[in-house]
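The values are calculated or read from the model by the stated rules, or taken from the named source; none is laboratory data. All figures in this text were calculated on a predicted structure; none of them were measured in a lab. Using ideal geometry, Cβ is built from the backbone for each residue, glycine included, and neighbour counts are taken over all protein chains shown.
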Amino acid sequence: MEIYLIRHTTPEVEKGICYGQSDLDLVENHLEEFKNIALKIPKKTDFIVYSSPLKRCALLAKTFNELVVFDDRLKELHFGDWELKPWNDISEKELNPWMKDFVNTAVPNGESYTQLASRVHIFFETIRASKEKKDLIIVSHAGPIRAFLAQMLDIPLKDSFKIKINYGDVFHLNLNNETFKLITEIDL
C-alpha cells in the first residue's frame, strides 16, 4: 500500500501568531500550491483520502477525492488559551514551563505534544490494522506528521523538530506486511 502524507498549504495568518487548531483560511495563491502538490502524487482516482477537518487541510484533501474521511486525530496541537495569540503576548510565566518541556507539558486548556503523538499513533495503528489496502492520501499538519515520522524513524519527540516540514510537503510511505517504510528522503 502506498501512502502520501501531505502537510497543508500556506495558511492566511500573520507571522508570530500561535494557531494550532484554529480554523484558518488559505493564502490567495493556494490553488497554485495545490497544483504543485498534485505533481508529486500519482495520477489516480481511487485513493482513500483522510484529512484533518480543519479548512486548511480539508480544501486540499477534496482536490484528490470528494469523499474525504475527516479525522480529529489528524488535527494540529491544541494550543488552548494561546490560540490566535501572538507568541510575544504569551506571558513568560505560562510559556517558560512549556518551553522547558513542550513534549510533556500541556498548554493551558490545550494539550501536550505527547498527547498529540498518542492520538496520531492510534490513527496510524488503525491504518496498519485495516483490512482495506487501497492507496492513501493523508492531509494533516506539521505536528502530527512530525510525531508520526519521529516514531517511525525512532527519533525522540524532543528531537523531532529536526525533521523539516514545509507547507505543501509530501512524504511518500509504503505499508507492507504491517511495516511502514519512508520512501521520501529527509534531511535530519
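Here are the numbers for the structure shown:
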read-out: The stretch 87-98 residues that are over 21 Å from VAL13 (Cβ atoms), paired with ones that are modelled with pLDDT of 95 or more and of a type in the set (S, T, N, Q) (beta carbon under 8 Å, 6 or more apart); value: PRO97/THR105
read-out: Pairs where the first residue, in the stretch 170-188, is more than 15 Å from ILE127 (Cβ to Cβ) and the second is of a type in the set (Lys, Arg) and modelled with pLDDT of 95 or more, C-beta under 6 Å, 6+ apart; value: VAL170/LYS40
read-out: Residues of the stretch 21-69 satisfying the condition of being surrounded by fewer than 16 Cβ atoms within 10 Å (Cβ to Cβ) and aromatic (Phe, Trp, Tyr); value: none
read-out: Given (1) over 30 Å from ILE41 (Cβ atoms); (2) in a helix (DSSP H, G or I), index of the condition ASN104 fails; value: (2)
read-out: Failed item in (1) under 20 Å from LEU173 (Cβ atoms); (2) in contact (Cβ under 8 Å) with a residue 12 or more places away in the chain, with LEU39 passing the rest; value: (2)
read-out: Residue in the stretch 125-141 that is in contact (Cβ under 8 Å) with a residue 40 or more places away in the chain, touching a helix residue (DSSP H, G or I) at 6+ places or on another chain (Cβ under 9 Å) and loosely packed, with under 15 Cβ neighbours inside 10 Å present; value: no
read-out: Spans of strands (runs of 3 or more DSSP E) in the stretch 1-79 with at least 3 residues under 21 Å from ALA117 (Cα atoms); value: 2-7, 48-51
read-out: Sole residue being charged (D, E, K, R) and closer than 30 Å to LEU31 by Cα, chosen from LYS131, LYS164; value: LYS164
read-out: Filter pass, ILE137 being closer than 21 Å to ALA38 by Cβ and in contact with a Ser or Thr (Cβ under 9 Å, 6 or more places away or on another chain); value: yes
read-out: Selection count, the stretch 151-181, where residues are part of a strand (DSSP E or B) and either surrounded by 15 or more Cβ atoms within 10 Å (Cβ to Cβ) or touching an Asp or Glu at 6+ places or on another chain (Cβ under 8 Å) (or both); value: 7
read-out: Residue count for the stretch 79-121, restricted to those that are surrounded by 15 or more Cβ atoms within 10 Å (Cβ to Cβ), aromatic (Phe, Trp, Tyr) and more than 28 Å from ILE138 (Cα to Cα); value: 1
